[in-house]
Amino acid sequence: MLLLHCPLLLLLLPLASRPQKFPTRDEELFQMQIRDKAFFHDTSVIPDGAEISSYLFRDTPKRYFFVVEEDNTPLAVTVTPCDAPLEWKLSVQELPEEASGEGSGDPEPLEQQKQQITNEEGTELFSYKGNDVEYFVSSSSPSGLYQLDLLSTEKDTHFKVYATTTPESDQPYPELPYDPRIDVTSLGRTTVTLAWKPSPTASLLKQPIQYCIVINKEHNFKSLCAVEAKLSSDDAFMMAPKPGLDFSPFDFAHFGFPVDNNSGKERGFLKSSKFGRQTPSKPRVDLHKVCIGNKNIFTVSDLKPDTQYYFDMFAVNTNTNMSTAYVGTFARTKEEAQQKTIELKDGKVTDVFIKRKGAKFLRFAPVSSHQKVTFSVHSCLDAVQIQVRRDGKLLLSQSVEGVRQFQLRGKAKAKYLLRLKGSKKGASMLKILATTRPNKQSFPSLPEDTRIKAFDKLRTCSSVTVAWLGTQERNKFCIYKREVDDSYNEEQKKREQNQCLGPDKRKKSEKVLCKYFHSQNIQKAVTTETIRGLQPGKSYLLDVYVIGHGGHSVKYQSKLVKTRKFC
């Protein structure tokens, strides 16, 4: 039993004139009581039918009072611990006699009433120690002065108290269904689908209920109050997802779940204040809450593979803002699928396809000792990220667009692991060649600028003249043309920029010519060509392919040209 001591002076000030009871719900009388400052002078009085929130300092007890004037009165008291276990006790003692010993009918002096109450030992009705939401319910309670004593021995903490003399009609807390468990209906590597039975408060009583889900990696929570206490003031409460989108930020910033810094921030109570005890703010935690309206199935996405998460569900009465916790659950997401590693063979070109935002792993293990190893990469579409590790040590990390060649120092019996990460825009296609023979070059060398230039002044009704850059290496160049509609634009041209599609994929009728070209003077490595036999006022898409010694080709950037309509 807790031995708690608290001055009763403030409580007894209003008792000097009349017995103090729950603040009435009669509106006219309630307004009169508000004007009577003595009635609310004692902040330790619990109002009837309203939930109060308060704070406990560690090892500092707090006492609340209320009066029940008539016998056989229904009574319900609910205590909700927030972020620490509580010890609490409810007791009752008889009300002091108002009449004096001489029967004058005048109230007894204050000191005499105080002495009368403090000398009497109250009868304990209920006690509890723990962090569960706990209730005292009685259908027939005696009249008397009730006192609720609370103590936190672990740390400073918040708590909530609700008391009512009309528990049957109030029902401020949403009622739980007969099966209050949360079911995990689907489990993936990054997603978990949850389902639960609706609260009868919504389905039968038609009161406005919304459901709030809490996700974290530490433990389940027994109350929404505990969740809010755990969150720091920097954490945002997510807004309801748009229709058709269950959960997308957990962009969750810390487990895959994005935090929207502008959506509905709530300020935590652990802020340093100019007055009272200074309490440092809590660090950011992997804890997220999202309220989803009244639906009873929800998919949490963007989770980490092979990770255990705890899920809690709270039914919230939006009229009273009071909540009830379902029975929480937990689940471990599935392991990441074992990534298949592609084996590269010395001197052989390998085709690689990568999904949008995906990744592929390639392994190169030379069979003989080598001084150098060369990796040639041809990115057919958008730029890709490449990482090369030798026996676990990172040697290279770069973005590759077009054709790039990397030459690294060799090491006996070394094994090389390549990681290719695709573009965010779309799927990626690559050709890659690994070799220990420095003269083995399957991809043709390219100039830095792979654009095709058209000379506007040399345009005629039946021909266009274009130029492009070459290199010091003698290569074969083939030029192709294709008539397109006038509505053909740069966006359509960009979608067709697959540099890995060679001239063998083109129609023979589209071929203009092929020629060999190079220059030892890189400044003069420029070639021009006039394409004839075109129709007046028509648009054409021109492509130049450079073909290497190994037969692999690379396409220059396509060029859209148009002949003159009148000459």
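The values are calculated or read from the model by the stated rules, or taken from the named source; none is laboratory data. All of these numbers come straight from a predicted model, not from anything done at the bench. Cβ sites come from the backbone with ideal geometry, for glycine too, and all protein chains shown count toward neighbours. SASA here: full protein model, heavy atoms, side chains in, ligands and nucleic acids out. Shrake-Rupley method; radii C 1.70, N 1.55, O 1.52, S 1.80 Å.
Given the pairs 89/155; 360/555; 230/424; 340/476; 457/515; 393/425, which span a C-alpha to C-alpha distance of over 27 angstrom in this model?
Values: 89/155 19 Å; 360/555 24 Å; 230/424 35 Å; 340/476 37 Å; 457/515 25 Å; 393/425 30 Å.
In this structure, 230/424; 340/476; 393/425 exceed 27 Å between Cα atoms.
With labels modelled as points extended 7 Å from the Cα through the Cβ direction, what inter-label distance (nm, one decimal) is found for residue 308 paired with residue 383?
My value for the distance between the label points is 4.3 nm.
Below 8 Å between Cα atoms, with a sequence gap of 6+, how large is the relative contact order for the stretch 367-407 in percent?
Relative contact order here is 48 percent.
Please give the FRET efficiency for residue 220 paired with residue 139, using the beta carbon to beta carbon distance and R0 = 35 Å, rounded to the nearest 0.05. Display every interim value, and only then the final one.
On the way: r = 32 Å, r/R0 = 0.91.
Between residue 220 and residue 139 the formula returns 0.65.
Give 345/507; 348/505; 345/372; 355/431 a once-over and call out the pairs whose C-alpha atoms are over 24 Å from each other.
345/507, as the Cα separations exceed 24 Å there.
If you take the beta carbon distance between residue 128 and residue 535 as r and set R0 to 56 Å, what does 1/(1 + (r/R0)^6) give as a FRET efficiency, to the nearest 0.05?
0.05
Taking a probe of 1.4 Å, how large is the accessible area per residue of the stretch 342-435, in Å²?
Result: 53 Å² of accessible area for each residue.
Sorted by mean Cβ packing within 10 Å, highest first, what order do the peptides 406-414, 152-160 take? Before the final figure, lay out the partial values.
Working: 406-414: 13.6, 152-160: 18.2.
Ranked from most to least packed, the peptides come out as 152-160, 406-414.
Any idea how far apart residue 391 and residue 516 come out in nm if each label point goes 7 Å out from Cα toward Cβ?
Spacing of the two 7 Å Cα→Cβ label points: 4.4 nm.
As an exercise, use a Förster radius of 25 Å and the Cβ-Cβ distance of residue 401 and residue 504 to find the FRET efficiency, rounded to the nearest 0.05.
Plugging the Cβ-Cβ distance into 1/(1 + (r/R0)^6) gives 0.60.
Whenever you get a sec, line up 476, 511, 555 from highest to lowest accessible area (probe 1.4 Å, protein heavy atoms).
511, 476, 555
What does the accessible area per residue of the stretch 452-562 come to in Å², with a 1.4 Å probe and no ligands, DNA or RNA counted?
Dividing the accessible area of the stretch 452-562 by its residue count gives 56 Å².
Counting only protein heavy atoms, what percent of the accessible surface of the stretch 452-562 is carbon or sulfur at a 1.4 Å probe?
46
Can you send over the carbon and sulfur percentage of the accessible area for the stretch 342-435, probe radius 1.4 Å, protein chains only?
47
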